[in-house]
Amino acid sequence: MSEDEVKNNVELETAEEAPSEKEEAPLEEEGETRIYTVPLRKAYYVPRYKRAEKAIRIIREFILRHMKAERVVILQRLNEKIWSRGNRKPPRRVKVKAIKDKEGVVKVDLASD
């Protein structure tokens, strides 16, 4: 191989490695992270068949108020936790982790114990 070919190969290898480093950045480093315990007792003040839906709305409103978010995205693990005992018996409180990105979107997940 000539010197030019070696230089081109080295440049290509370094160019391919650079984007992968940026993609591996964890979600938490993108913005502000907070842990909250959200009380869901008010979900029990509505008819039984609407309680889990009300609990999701309570979580969304709580995060909007406390994180000053533009939009709230409830992730699948948290949604499954709320609905785990059905529509009629959501948990009385839930511990969540809220991660706010630069655009003002907050992703809410179940906090790991």
Top-ranked residue of segment 70-87 - restricted to ones that are closer than 19 Å to Gly31 by Cβ and under 13 Å from the mean Cα position of the chain (by Cα), ranked as surrounded by the fewest Cβ atoms within 10 Å (Cβ to Cβ)
Arg71
Top-ranked residue of segment 88-109 - restricted to ones that are part of a strand (DSSP E or B), touching a residue at least 60 places away in the same chain (Cβ under 8 Å) and not β-branched (Val, Ile, Thr), ranked as surrounded by the most Cβ atoms within 10 Å (Cβ to Cβ)
Ala98
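A short reminder: the numbers here are calculations on the coordinates, not readings from a lab. What you see is a predicted model, and the numbers here were worked out from it, not measured in a lab. Because the Cβ atoms are built from the backbone with ideal geometry, glycine has one as well, and the counts that use them run over all protein chains shown.
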